[in-house]
Amino acid sequence: MHDADSIVVERQDFAGLFEILRSLGYAVVGPTVKDQAIVYDQLSQVDDLPIGWTDEQEAGHYRLRRRNDAALFGYAVGPHSWKKFLHPPRLRLFQAERSEDGAMVFKQEPVEAPKYAFLGVRSCEAHAIAIQDRVFLEGAVADPTYRERRIGALLIAVNCGFPSSTCFCHSMKTGPGISQNTKVDIELTELLDDEGHRFVFQARSQKGQTIVDRLPARRTTRGDLDAAEALVAEATETMTRELNAEGVRDLLYANLEHPRWDEVADRCLTCANCTMVCPTCFCTTVEDVTDITGDHAERWRRWDSCFTLDFSHMPGGSSRQTSKSRYRQWLTHKLATWHDQFGTSGCVGCGRCISWCPVGIDLTEEIQVMGQSTQGVPSS
Amino acid sequence: MFMKIGSDLRPSSIQPDPMCPDVHHVMSISQETSDIYTLKLQPTERREAVRFAPGQFNMLYAFGVGECAISISGDPTVNNVTEHTIRRVGLVTGTLGSVRAGDSIGVRGPFGTPWPMDQARGRDVLLIAGGIGMAPLRPVIMDVLANRENYKELTILSGSRDPEGILFADELLTWKKQPGVDSKVTVDHADSRWNGNVGVVTTLVNRTVKDPKDTIAFVCGPEIMMRYAVTELQKNGLGKDQIYLSLERNMKCAIGLCGHCQFGSEFICRDGPVFRYDRIEFWLNQREL
Ligand SMILES: Cc1cc2nc3c(=O)[nH]c(=O)nc-3n(C[C@H](O)[C@H](O)[C@H](O)COP(=O)(O)OP(=O)(O)OC[C@H]3O[C@@H](n4cnc5c(N)ncnc54)[C@H](O)[C@@H]3O)c2cc1C
Ligand code: SF4
Ligand code: SF4
Ligand code: FES
């Protein structure tokens with residue numbers, strides 16, 4: 001949340017942020033309307049933002065709606081997340097040549113790391129990035145592309161005022177407000193009331209400070225700070241979905257054979273949508289290809305999903321044959337084994353997997369049902 | 001003050017990409033059984049000695065076809081030469097089987113946790129292998145033979161489908177002749193010429209364990225066989241902390257980043273492939289993991 005160091009930028013001066021970012025060599029990416037959804041893409045001006053739009057979300061449902069104001073950030077999260085920039089969906093890893101005598105040469109792919117400014121990062125998303133930091137940077141081996149892109153990236157975060165009905169960040173302690181220990185560079189809150197359309201800006205890193213210092217601004221008043229706080233408090237109030245994050249790990253370990261898994265497997269299409277939209281899901285596969293001569297080869301990495309049969313392919317057959325076992329893998333990874341692996345939940349409560357599930361499977365509901373008819377305590 | 005961003009990283013200079021293989025030269029390829037062969041490899045670029053510990057594995061790359069995880073089956077005391085004993089089961093293992101001496105292949109690694117040789121010191125060492133599971137245990141045998149005074153009895157129990165499929169059959173006979181070494185072989189299906197044991201390898205455990213409190217067991221083979229092996233070992237008085245298993249799952253990266261090798265809370269490439277039984281007991285007893 002903001003403190004006394006924060007400043008206020010009027011709506012008509014907001015374009016100045018784009019100019020400053022451009023002059024510092026940043027490629028600005030952020031929310032924009034495309035194909036009837038709010039997605040993340042390159043932005044060149046304020047008008048590229050979803051001005052006056054909001055979203056209506058439910059399990060298996062996402063629609064854009066007009067707002068009755070001209071807010072720039074008056075919606076929740078859409079199908080994209082920042083992982084598409086930090087952890088690209090497709091990436092060439094190397095090229096290799098083979099000569100006639102059978103000798104082989106590998107040409108490592110240079111890391112391509114544009115300097116991104118992420119405009120409009122939500123609190124849950126900043127947490128998702130911190131979770132991917134643990135996966136890609138804090139293990140024994142760091143991912144080179146993620147590493148370079150992450151170092152260069154500037155996170156401009158926005159406090160949430162309009163959560164969707166699928167959001168449950170409050171349960172996961174990841175939002176809707178940006179807490180002091182969330183890693184972002186700039187925190188901002190959009191205010192649109194009788195006092196006018198304005199933005200409270202607060203630097204949260206040295207990098208962020210140099211930018212905030214250059215914005216045309218005035219000091220915040222008590223009124224601005226109160227309004228910002230009220231916005232987040234109200235957002236928290238409106239959140240209806242819940243998940244009992246405290247006990248969920250043990251609950252799942254005690255219920256790996258719960259009949260509910262069969263029931264959810266009957267509905268699940270194993271389409272992998274939930275893993276594609278999830279901001280923390282990180283799994284990839286590799287594709288090795290050759291050109292027509294057979295002497296030039298490449299390896300590509302692309303996002304993969306534990307919902308596919310091939311994901312667990314072994315010569316004797318996949319180890320997860322049934323959709324039950326694959327849904328169970330996904331959910332127990334998100335909410336339970338992730339804790340053991342990375343010391344954090346793998347779910348930030350952004351609700352994307354609920355909204356973008358074609359049959360509307362809702363993990364909060366699954367956990368609730370299991371909690372009401374738990375099998376017992378873990379056998380270990 | 002301000003929070004540090006991205007773990008306070010600084011841009012790196014160009015580092016070798018962990019997903020880009022090194023070129024290795026095929027010194028030889030030899031047929032072990034009808035569907036198992038051994039590659040002997042040497043790195044082509046001069047660099048610091050390639051060392052490995054028994055139980056570790058490499059990712060072997062067949063040009064343009066793909067990569068797969070293969071244990072190191074050779075002598076851990078020899079630097080810069082690695083052996084890999086491979087069963088043809090699919091695309092990559094099939095393609096690698098048709099390389100010739102002098103060819104090149106791509107290699108990444110070594111990766112993974114080794115068999116805990118320090119835990120084996122001063123104890124009886126019991127190895128239980130099913131089929132190709134003998135491959136990652138061969139370096140253990142070589143290490144024990146090279147440092148004989150460090151260990152008590154070495155017993156090798158090996159199971160295979162049929163007599164023709166017995167991996168390292170000649171070596172098993174040679175090893176058996178060494179002092180303090182015993183080896184027993186069993187087959188699932190015998191023909192009339194076979195006068196040895198018939199049945200699953202786990203049936204051999206009963207007659208083998210002499211001093212359960214002072215024995216360590218290393219097991220590698222199909223998952224179902226390993227479950228039975230654990231049961232037999234426990235029946236014979238071994239504790240959960242005296243049993244180590246080498247597990248297998250699909251692997252794409254071997255560096256803990258692709259997610260494929262997850263086994264409950266564990267990444268087999270990073271936390272394994274060798275695990276102490278009590279660490280993975282809970283997961284090993286789940287179906288379709
Ligand atoms: C730690 C470890 C050590 C091992 N050590 C040995 C050893 O010493 N010797 C040995 O013989 N074996 C060993 N294995 C097993 C070996 O890795 C597999 O047998 C090998 O991966 C098979 O590869 P393949 O290309 O021949 O088979 P395939 O069945 O063709 O599979 C090859 C790869 O391609 C992928 N693939 C194949 N088909 C599909 C599909 N339809 N969709 C998506 N992906 C697909 C799989 O992910 C697989 O990794 C080990 C495995 C592990 C994990
Ligand atoms: S599991 Fe669902 S709610 Fe949780 S972070 Fe992923 S997409 Fe968001
Ligand atoms: S989950 Fe929370 S932080 Fe994320 S979009 Fe919804 S309200 Fe905002
Ligand atoms: S093989 Fe990729 S995470 Fe283990």
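The values are calculated or read from the model by the stated rules, or taken from the named source; none is laboratory data. Note that the structure is a prediction, hence the values are computed from the model and not measured. Here Cβ is always computed from backbone atoms with ideal geometry, including for glycine, and neighbour counts include all displayed protein chains. Please note that ligands, DNA and RNA were not included when accessible areas were found on the heavy atoms of the full protein model with its side chains. Shrake-Rupley method; radii C 1.70, N 1.55, O 1.52, S 1.80 Å.
When only residues in the stretch A:190-211 that are within 12 Å of chain B (Cβ to nearest Cβ) and not in a loop (DSSP other than H, G, I, E, B) count, which is nearest to ligand 4 (Cβ to nearest atom)? Let's see the steps before the verdict.
Of the stretch A:190-211, the ones within 12 Å of chain B (Cβ to nearest Cβ) are A:202-210.
Filter once more, so that each one left must be not in a loop (DSSP other than H, G, I, E, B): A:202-203, A:206-210.
Working: A:Gln202: 38, A:Ala203: 37, A:Gln206: 34, A:Lys207: 32, A:Gly208: 34, A:Gln209: 38, A:Thr210: 38 Å.
Looking at the filtered set, the residue picked out is A:Lys207.
Pick from the stretch B:113-137 the residues that are open to solvent by 20 Å² or more (accessible area, probe 1.4 Å) and farther than 22 Å from B:Pro212 by Cα: which of them is nearest to ligand 1 (Cβ to nearest atom)?
Ranking the candidates gives B:Ile132 first.
Mind checking which strands (runs of 3 or more DSSP E) fall wholly inside the stretch B:172-282 and carry at least 3 residues that are open to solvent by less than 20 Å² (accessible area, probe 1.4 Å) and out of contact with any His (no Cβ under 8 Å at 6 or more places or on another chain)?
In the stretch B:172-282, the matching strands (runs of 3 or more DSSP E) lie at B:181-187, B:215-220, B:243-246.
From B:Glu232, B:Glu288, B:Glu281, grab the single residue that is more than 20 Å from B:Ile128 (Cβ to Cβ), of a type in the set (Asp, Glu), out of contact with any Asp or Glu (no Cβ under 8 Å at 6 or more places or on another chain) and more than 15 Å from ligand 1 (Cβ to nearest atom).
None of the others qualify; the one that does is B:Glu288.
What number of residues within the stretch A:239-280 are within 16 Å of ligand 3 (Cβ to nearest atom) and either within 13 Å of chain B (Cβ to nearest Cβ) or in contact with a helix residue (DSSP H, G or I) (Cβ under 9 Å, 6 or more places away or on another chain) (or both)? Before the answer, list the steps.
Filtering the stretch A:239-280 down to residues within 16 Å of ligand 3 (Cβ to nearest atom) leaves A:239-243, A:245, A:274, A:277-280.
Pick out the ones that are also either within 13 Å of chain B (Cβ to nearest Cβ) or in contact with a helix residue (DSSP H, G or I) (Cβ under 9 Å, 6 or more places away or on another chain) (or both) and you get A:239, A:241-243, A:245, A:274, A:277-280.
Residues meeting the conditions: 10.
Is there a residue being facing another protein chain (nearest Cβ under 8 Å), under 15 Å from the mean Cα position of the chain (by Cα), away from ligand 2 (no atom under 16 Å from the Cβ) and within 16 Å of A:Thr280 (Cα to Cα) anywhere in the stretch A:151-166?
No, that holds for no residue.
Within the bounds of the stretch B:232-247, is there any residue that is at pLDDT 95 or above and within 16 Å of ligand 4 (Cβ to nearest atom)? Step through it out loud before you land on a result.
Within the stretch B:232-247, the subset at pLDDT 95 or above is B:232-247.
Checking the rest, the ones that are also within 16 Å of ligand 4 (Cβ to nearest atom) come to B:246-247.
Yes; the residues of the stretch B:232-247 include at least one that is at pLDDT 95 or above and within 16 Å of ligand 4 (Cβ to nearest atom).
Of everything in the stretch B:235-261, what is of a type in the set (Asp, Glu) and within 16 Å of ligand 1 (Cβ to nearest atom)? Give them in sequence order.
B:Glu248
Checking A:Asn181 against (1) in contact (Cβ under 8 Å) with a residue 12 or more places away in the chain; (2) within 14 Å of chain B (Cβ to nearest Cβ), which single condition isn't satisfied?
(1)
For the condition without any contact (Cβ under 8 Å) to a residue 40 or more places away in the chain, of a type in the set (Val, Ile, Thr) and assigned to a loop (DSSP other than H, G, I, E, B), what is the one hit in B:Val144, B:Val50, B:Val78?
Exactly one of B:Val144, B:Val50, B:Val78 is without any contact (Cβ under 8 Å) to a residue 40 or more places away in the chain, of a type in the set (Val, Ile, Thr) and assigned to a loop (DSSP other than H, G, I, E, B), namely B:Val78.
Considering every residue within the stretch A:307-323, establish whether at least one is within 16 Å of ligand 2 (Cβ to nearest atom) and in contact with a helix residue (DSSP H, G or I) (Cβ under 7 Å, 6 or more places away or on another chain).
Yes: one or more hits.
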